[in-house]
Amino acid sequence: MDVHRLLDNAKGTAKVVTVKSRRQCGKSLMIENELLRWVINYPKSINACLSPTFKQSKKMFREIVDAVAESGIIASSNGTDGEIRFVNGSSIIFRSAEQGDALRGLTVTGLLCIDEACFIPTEIFFIVLPWTDFHKAPILITSTPKTRSGWFYDYFMRGLRGDRNMYSVDWCNPKYKEDLDRILPPEKLEQYRQLMPKALFDSEYLGQFTDDEGGVFGIKNWYPYSQFSVDYKALFVGIDWGTGEGADKTAIVGLNENGEEVLLKYWNNISDPLAQISEISKYLIPLRTKIKSVLAEKNSIGDVYLKLLQKAVKPYNINVQPFDTSNWSKRDIIEGLAAGIGEGNVHLLDEEENRAEFGAYRMEITRGGSITYNGAYGFNDDLVIATALANKAKGSNYGNYNVSFIGKR
């Protein structure tokens, strides 16, 4: 209600309301309610909602359509275009940060909402911000916090300082404790505290800005290629398969005997299986004398790719082993990688996509109490999984061995 009151009679005021909250407190539902209020009360208004991913944008689109499907106020809805038109001439347009430069050119006359803002890159935010300029449309920004940096942190702090026309609401404020305890009882919160990395717990379940990446890995040191030895003697490789469509990448990561990431290759523009294998072989075969083992996913499309790769590199004596991915095996390799990084046994390359994926990687606890690991909104985990597989290969007894038998004399 505090947020809804701030947006009362806010049309044309250029007001900015920033909301910081821990996970699963109803941020998206509040946005949906606010958007419906604007389209109903401001005929012919153009309202918009930006989400980190297309999948999340589609979810909000569907939830709004379902919420008012029986009311007769929807004139038309188009999931492909991401637009709902109402009988009074108003509309809600849904967009995702994945659309990049294609986001340019929209004009908002009503309300702009931005969900999970911490997972929307700065350059995307500043592409979207001009949508509100001409009609001085207000903006509602919500997110679970990450680090004390970035545009969401800046906007939240400006609202706390009382900058002109900027307002911040902290749902983690003790004044809301009774509400929060109903959503997540203290005893359950304490259980999460004991299970999760501190920085991740602080950001996702306490709703606090953190000093590090706030994720599973909390990496503080990244390394340039030049810092790693070119004279390494062993290479352990992990492969995560991609379909070659959208943001899904095929990733190859190699760690040397010192845990240094000396091989990092990835792409998302090859869909033909044979072409994928040819591209992978291009990187593996020249390193065949150093490669001790290759560990690759077997699940789903991986089974086909795995057999093709094994056949392609067999003449070069490159050992490719399958990895069956389940929730438990994935947890094993991710926690092994986190331990390796934390203990200083794994050193990662300072590369933009590497930083993005590792920084956004998250642990979640399901309602049943199981622990799962995945990339956060708008981020794949291809490089993370490939690195975890390489680390698993390094610490396991996979490899090529010469065996001789000595009989009794």
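Every number here is computed from the coordinates shown, using simple stated rules; none is lab data. All values derive from a computational prediction rather than experimental measurement. Methodologically, a virtual Cβ is constructed for each residue, glycine included, from the backbone with ideal geometry; neighbour enumeration extends over all protein chains shown.
Would you mind checking the tilt of helix 27-41 against the longest principal axis of the Cα atoms of the chain, expressed as 0 to 90 degrees and rounded to 10? Around 30 degrees separate the two axes. Distances between placed amide hydrogens fall under 5 Å for A75 paired with R85, F86, V87, all partners being 5 or more residues away or on another chain. Kirkwood radius and radius of gyration were both taken over the C-alpha atoms of the chain, and their ratio Rg/Rh is 1.05.
For K392, the aspartates and glutamates whose Cα comes closer than 17 Å to its Cα, not counting residues fewer than 8 places off in the same chain, are D240, E257, E260, E261, E297, D324, D332, E335, E343, D381, D382.
Over segment 1-79, what lengths in whole Å, largest first, do the semi-axes of the equivalent ellipsoid take, defined as the square roots of 5 times the eigenvalues of the alpha-carbon gyration tensor?
20, 18, 12
Sorted on the mean count of surrounding Cβ atoms within 10 Å across their residues, most packed first, peptides 150-163, 351-364 read 351-364, 150-163.
Please compute the net charge surrounding E261, taking Lys and Arg as +1 and Asp and Glu as -1 over other residues with Cβ under 15 Å from its Cβ. Write down the numbers at each step before the final one.
Details: positive: K265, K290, R355, K392, K394; negative: D240, E257, E260, D350, E351, E352, E353, E357, D382.
Result for the neighbourhood of E261: -4.
Every helix of 4 or more DSSP H residues in the chain counts as -39500 (n - 2.57), and over all residues that averages to -10000 deg cm²/dmol at 222 nm. When peptides 91-101, 324-334 are sorted by average Cβ neighbour count within 10 Å, with the highest value leading, the order is 91-101, 324-334. Under 5 Å between amide hydrogens, built in the peptide plane, is the criterion, and for L263 it picks out G254 among residues at least 5 positions away or on other chains. Could you state the angle between the C-alpha long axis of helix 151-161 and the longest principal axis of the C-alpha atoms of the chain, as a value from 0 to 90 degrees rounded to the nearest 10? So the helix axis and the longest Cα principal axis differ by about 40 degrees.
Relative to the longest principal axis of the Cα atoms of the chain, helix 327-342 runs at roughly 80 degrees. When each of the peptides 8-21, 44-57 is scored by the mean number of other C-beta atoms lying within 10 Å of its residues, the order from highest to lowest reads 44-57, 8-21.
Given +1 at the Cβ of Lys and Arg, -1 at the Cβ of Asp and Glu and no other charges, the dipole of the chain around its Cα centre is 480 debye to the nearest 20. Sequence-distant or interchain residues sharing an amide H contact under 5 Å with E297, placed H: which? Placed amide hydrogens put I239, W241, F323 under 5 Å from E297. Other residues within the sphere of radius under 14 Å centred on the Cβ of N88, judged by their own Cβ, net out at +3 (K and R +1, D and E -1).
Among the GluC sites (Glu not before Pro) in segment 1-77, those placed in a DSSP loop whose Cβ has at most 13 other Cβ atoms within 10 Å are E70. What the phi angles of segment 178-186 give under the Karplus curve with 6.51, -1.76 and 1.60, with θ = phi - 60°, is a coupling list of 4, 5, 5, 5, 6, 6, 9, x, x Hz, glycine and proline written as x.
For segment 250-267, putting each phi into the Karplus relation 6.51 cos²θ - 1.76 cosθ + 1.60 with θ = phi - 60° gives couplings of 8, 10, 10, 10, x, 10, 7, 5, 9, x, 8, 7, 9, 9, 8, 9, 7, 7 Hz, in residue order, rounded to whole numbers and with x for Gly and Pro. With just the Cα atoms defining each centre, how far is segment 280-341 from segment 1-40? Give it in Å. Answer, in whole Å: 47. Placing unit charges on each Cβ (+1 for Lys and Arg, -1 for Asp and Glu) gives the chain a dipole about its Cα centre, and among S76, F54, G342 the Cα reaching farthest toward its positive end belongs to G342.
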